[in-house]
Amino acid sequence: MSHYEEREALEYLVGLGETKVLEIDGKKFTTKQIYNVQDPVPGKLQVTTLTALVDYIKNGAVDVNKYGDERLVHVVSPNRVIVHSMLREDKTRESYIEANALLPDNIYFNEFLDTERFNIMLQSSFIENKDRALLLKVIGNIKDSAVKQVGDDGVSQSATIKTGVANVNDVVIPNPVVLAPFRTFPEIEQPESKFIFRMQSGPKAAIYEADGGAWRNEAMASIKKYLQEQLQEINNVEIIA
């Protein structure tokens, strides 16, 4: 290779490292992908309650008002809320704190459970109401022999249960039933929703969600209302759900 060819090759290699800006049809393009150098940001805090999230915002209220650093509270889901900064100059957001609700791990939908597990699930992970009491009565007193005596018209079922020391009665189980599992933060009222209750041989029982997920919208609206009430005296905080 001649000295001239070597020089051309070196100039070509040097040129590969250059980033050029081209203007085509009034728009600007670069010959290489470039990345904006972002300022370092602290990691976001992780908490499990809305109370902790509210305390964080209230404790930082002086700095927020002093520097005008607006904050965006985003209710992402019934069990997740994140506090962001507003858009920065580079069009990104900084996340300050995230709340993720601690929920029971023994709630099973769309799955048949033996009556003992079903009983424990209802008592430990559902708010007390009329329909919960009825289901507990049925599964707590059902006779083993009743599995062959369960009547089913496709909507409601009937089962033979103990009603006294030696008495048995057929009880019609209504459908749907209205229940309120622990599905969101404890600071707000747990939303009630409709479930389809079914039984099968074993005896076993199961519940199926029957409200199309409407409870999620209700829970998120309740979270937003709770935060608005708790933060009504704090400026520069926007809440969306």
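The values are calculated or read from the model by the stated rules, or taken from the named source; none is laboratory data. From a predicted model like this one, the values you see are computed outputs, not experimental measurements. Methodologically, a virtual Cβ is constructed for each residue, glycine included, from the backbone with ideal geometry; neighbour enumeration extends over all protein chains shown.
At a glance:
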| quantity | calculated |
| --- | --- |
| Failed item, numbered, when SER222 is tested on (1) crowded, with 17+ Cβ neighbours inside 10 Å; (2) among the hydroxyl-bearing types (Ser, Thr, Tyr); (3) more than 20 Å from the chain's Cα centre (by Cα) | (3) |
| Index of the failed condition, SER125 passing every other in (1) modelled with pLDDT of 60 or more; (2) hydroxyl-bearing (Ser, Thr, Tyr); (3) over 22 Å from the mean Cα position of the chain (by Cα) | (3) |
| Subset of the range 180-218 that is among the basic types (Lys, Arg) and outside any loop (DSSP other than H, G, I, E, B) - its residue that is farthest from the chain's Cα centre (by Cα) | LYS204 |
| Enumerated strands (runs of 3 or more DSSP E) restricted to the range 68-115, each holding at least 2 residues that are of a type in the set (Val, Ile, Thr) and modelled with pLDDT of 90 or more | 71-77, 80-85 |
| Candidate set: the range 120-138, residues that are more than 21 Å from ASP105 (Cβ to Cβ) and hydrophobic (A, V, I, L, M, F, W, C); chosen: the one surrounded by the most Cβ atoms within 10 Å (Cβ to Cβ) | VAL138 |
| Filter result for GLU18 (at pLDDT below 65 and either more than 24 Å from GLN190 (Cβ to Cβ) or within 30 Å of the chain's Cα centre (by Cα) (or both)) | no |
